[in-house]
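Before any comments, here is the structure.
The values are calculated or read from the model by the stated rules, or taken from the named source; none is laboratory data. Bear in mind that the values here come from a model prediction, so they are computed numbers and not experimental data. Reconstructed Cβ throughout: ideal geometry from the backbone, glycine too, with neighbour counts over all protein chains shown.
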Amino acid sequence: MKLLKIIFKILVWLGVYWPIVFVYSRVIREVESEHRKKDLPAILFLSHIRFRKDVEVLANTGEFRVLIIPDIWQSRILTQFYPRGITRAQIFFPEKHVEMVEVKRRLYDFLRNFLPHLYRNLGIRCVVGASLFYTKDYDWGKISDEIGVPYVLIPRENYALETSDHSRYKDNIYYEVGNISFSGSMILCQNESMRDLYIDFGFVTPQRIVAIGGLRMDEFIRNVKSYKKNVSKRKKVVFFSFSLGSNLNGHPDQVAYFDDPHWTSKSDVGWAKLFDSAHSAYAKLAMKRPDVDFIFKPKWLGKWKDKIEEAISNQGIDIQRITNLYFTEEDASNLILDSDVVCSFGSNTIVEAGFTLKPVIIPMYYEANRRDYTEYIFFHNYFHLFDIAESQEAFVNLIEEKLSNPIVDKELMKEREALFKYNFSSTKPDAAIKCTKIIKDVIRRNYAL
């Protein structure tokens with residue numbers, strides 16, 4: 001790696017970019033799609049692993065060739081210029097840090113020379129980023145837009161927040177470095193609430209942000225409307241797991257005691273007791289009901305799975321002996337459709353499951369009763385639409401009750417559908433159509449100049 005860094009610096013000093021362009025043209029790959037048209041304009045996705053199904057959805061529209069760059073190669077350019085230990089504030093506001101002014105100048109000079117060659121070589125007409133706050137995307141997107149290849153954001157932070165929650169949301173760790181300004185062409189967010197928030201905070205002007213819904217929701221909406229349950233299959237419960245720090249970004253406890261947004265070694269902060277109680281009770285119920293499949297769906301496995309297993313083993317339960325208890329990374333939409341009962345806490349899956357006529361159970365006890373935590377629980381103003389467990393016993397009883405009687409009141413379903421529309425902008429599978437049209441318009445405007 002040291003040798004590669006030396007070679008890179010020599011090439012940049014000599015102004016010889018074609019070897020770097022050659023390498024990056026090989027590591028950037030095209031996403032397989034149902035359409036194999038070669039004459040389509042190409043879109044390059046940055047931080048593509050953050051997009052879930054969105055990348056594939058756009059690839060399958062037949063309107064673009066969709067390209068992705070491995071995260072390690074995207075980061076490798078930045079590490080040639082940025083020193084170790086660089087902070088988010090230094091990247092976003094170099095003018096406030098004297099030592100960063102020259103670093104930024106050298107990086108931007110390189111990108112202004114490198115990116116045009118790369119984009120011409122691959123036919124890239126637009127670059128898509130995953131967040132206004134990803135330091136890895138910021139410089140790449142900014143310079144892309146500057147050289148005439150529009151930078152478009154499809155943000156991953158898309159909770160439908162009430163306007164009254166906006167001030168609290170600004171305490172989020174992403175915003176603490178200052179008032180970041182979007183330097184691209186267009187932001188395509190999920191709902192009007194997030195659009196209003198971005199405008200209210202001064203991140204973007206109203207003309208450069210539009211709510212289009214969620215790309216991955218198109219298939220989900222179609223599947224919900226056509227879903228027919230296989231009555232011969234075993235019953236299934238899915239628990240969309242939460243962590244000790246889920247949604248607590250900005251709370252004083254999270255700022256003081258969490259090494260990362262999800263976990264802390266301090267035992268009396270975050271959702272510690274609720275986490276242990278809900279996950280272990282779920283495992284105990286799986287032991288009691290071997291006729292039903294019980295599934296844990298953490299955001300990812302690894303450490304998250306280990307934390308769940310630790311909470312269960314602390315109750316004297318040997319998880320290896322529970323043959324009907326599973327962990328999965330399967331897509332959330334498929335899990336919801338295939339389940340009889342859904343358990344969740346502080347997650348978009350509450351809204352998604354509510355749209356499917358499924359019982360949705362939310363554990364709301366222990367720390368969830370803390371007044372200073374309640375406002376950090378997303379969708380808490382809509383909990384009357386779901387089944388709320390106010391104790392560990394109630395949590396278990398509700399799961400069993402809903403396994404026997406999963407019927408959801410029709411009037412509640414009307415309100416759930418309204419909440420889904422509020423969160424995803426539509427109850428129709430039209431997000432990809434809207435997204436495609438806007439990106440094509442943005443490309444057309446830029447290349448007409």
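Listed here are the residues, each with its yes/no results for (1) at pLDDT 90 or above; (2) touching a Leu at 6+ places or on another chain (Cβ under 6 Å); (3) basic (Lys, Arg).
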site	(1), (2), (3)
164	no, no, no
176	no, no, no
198	no, no, no
211	yes, no, no
217	yes, no, no
222	yes, no, yes
239	yes, no, no
243	yes, no, no
Within the stretch 308-363, count every residue that is touching a residue at least 60 places away in the same chain (Cβ under 8 Å), farther than 21 Å from residue 428 by Cβ and outside any helix (DSSP H, G or I). 10
Mind listing just one residue for me: the one in the stretch 8-24 that is surrounded by 12 or more Cβ atoms within 10 Å (Cβ to Cβ) and β-branched (Val, Ile, Thr) and, of those, farthest from residue 108 (Cα to Cα)? 23
Somewhere in the stretch 84-91, is a residue modelled with pLDDT under 95 and under 21 Å from the mean Cα position of the chain (by Cα)? yes
Across the stretch 181-226, what is the total count of residues that are within 20 Å of residue 353 (Cα to Cα) and not polar (S, T, N, Q)? 12
Scan 77, 86 and give me the residue that is crowded, with 17+ Cβ neighbours inside 10 Å, among the aliphatic types (A, V, I, L, M) and assigned to a loop (DSSP other than H, G, I, E, B). 86
Going by the structure shown, is residue 327 surrounded by fewer than 23 Cβ atoms within 10 Å (Cβ to Cβ), under 23 Å from residue 247 (Cβ atoms) and of a type in the set (Phe, Trp, Tyr)? yes
Of the listed residues (145, 109, 137), the one being of a type outside the set (Gly, Ala, Ser), in a helix (DSSP H, G or I) and over 27 Å from the mean Cα position of the chain (by Cα) is 109
Can you say whether residue 76 is in contact with a helix residue (DSSP H, G or I) (Cβ under 8 Å, 6 or more places away or on another chain) and basic (Lys, Arg), as far as the supplied structure shows? no
